[in-house]
Amino acid sequence: MTKATKIIAFAGSLRKDSFNAVLVKQAAEAALYAGSEVEVVNLADFDIPLFNEELESNTPEGVQQLKDKIRDADGLLVASPEYNGSISGVLKNALDWVSRTEPDQKPAFRDTTVALLSTSPGGLGGIRGLNHVRDIFVGMGSLVLSNQIVVGSSYQAFDQSGKLTDESMASRVEQLSQELVSTIQKLKD
Ligand SMILES: Cc1cc2nc3c(=O)[nH]c(=O)nc-3n(C[C@H](O)[C@H](O)[C@H](O)COP(=O)(O)O)c2cc1C
């Protein structure tokens, strides 16, 4: 019997027209189609200040909301922009906040299964940044799928409705989302 799975999907960009947000939405739809509960969240909707240990005695509400969602999920779909060959500051800041442990609570990223995606206007599609994102999630105790999606030439890669124009790339996104859902289900057996 298939087990219920819950996935949170987000991009590491606050930009209204973020290509990574468009990409992660396509992956989220595929995960929904593969039978998972999926919630797409926008980091811009959470009040997440720049991390400062002095603020930790009174965790900002937006941080707590994101943290609770992630702790409650079985898996994540994360699309990260590449900034200067690495992770975006927005994503790193959010991950740093959410990674902070709380008494008697499971660390939010521990045992979470993560699928990574990236798109950028360049030819490499953000793969250098994704390597850093992968290291960070592994360090926080997540299981990161070996497969990942990297989409170059983002200005040409999506049609007006935000769908990937390259069918083979669209099918790879579908496969990644299916793998995420099936891996989570296997881990629940
Ligand atoms: C500070 C900064 C650094 C960037 N560095 C890179 C980079 O190293 N490699 C790359 O492919 N694109 C780089 N870009 C371009 C981003 O990939 C591009 O703006 C992308 O659309 C951002 O993702 P988004 O559309 O999801 O917001 C950089 C952009 C900014 C603002």
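Can you tell me how many residues in segment 124-151 are closer than 21 Å to Asp68 by Cβ and either among the acidic types (Asp, Glu) or assigned to a helix (DSSP H, G or I) (or both)?
The number of residues fulfilling the criteria is 2.
May I ask you to list the residues in segment 124-138 that are open to solvent by 70 Å² or more (accessible area, probe 1.4 Å), of a type outside the set (Asp, Glu) and away from the ligand (no atom under 16 Å from the Cβ)?
Correct list: Val138 only.
Please return the ranges of strands (runs of 3 or more DSSP E) entirely within segment 5-123 where 1 or more residues are touching an Asp or Glu at 6+ places or on another chain (Cβ under 8 Å) and open to solvent by less than 20 Å² (accessible area, probe 1.4 Å).
Correct list: 6-11, 113-119.
Of everything in segment 60-106, what is charged (D, E, K, R), away from the ligand (no atom under 16 Å from the Cβ) and at pLDDT 95 or above? Give them in sequence order. Lay out the reasoning, then the answer.
Of the residues in segment 60-106, the ones charged (D, E, K, R) are 61, 67-69, 71-72, 74, 82, 92, 96, 100, 102, 104, 106.
Retained after the next criterion (residues that are away from the ligand (no atom under 16 Å from the Cβ)): 61, 67-69, 71-72, 74, 96, 100, 102, 104, 106.
Passing the criteria: Glu61, Lys67, Asp68, Lys69, Arg71, Asp72, Asp74, Asp96, Arg100.
For every residue, the table says whether it meets (1) on the phi < 0 side of the Ramachandran plot; (2) charged (D, E, K, R); (3) out of contact with any helix residue (DSSP H, G or I) (no Cβ under 6 Å at 6 or more places or on another chain).
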| residue | (1), (2), (3) |
| --- | --- |
| Ser142 | yes, no, yes |
| Ser146 | yes, no, yes |
| Gly152 | yes, no, yes |
| Gln156 | yes, no, yes |
| Gly162 | no, no, no |
| Ser177 | yes, no, no |
| Val181 | yes, no, no |
| Lys188 | yes, yes, yes |
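Across segment 169-189, what is the number of residues that are assigned to a helix (DSSP H, G or I) and open to solvent by 60 Å² or more (accessible area, probe 1.4 Å)?
Number of matching residues: 7.
Residue under question is Leu43, and the condition is that it be touching a residue at least 40 places away in the same chain (Cβ under 8 Å) and within 15 Å of the chain's Cα centre (by Cα); does it hold?
yes
The values are calculated or read from the model by the stated rules, or taken from the named source; none is laboratory data. Predicted model, so just to flag it, every value in this text is computed and none were measured. Please note: Cβ atoms are built from the backbone with ideal geometry, for glycine as well, and neighbour counts cover all protein chains shown. Each accessible area value is taken on the protein alone, full model and side chains, heavy atoms only, with ligands, DNA and RNA left out. Shrake-Rupley method; radii C 1.70, N 1.55, O 1.52, S 1.80 Å.
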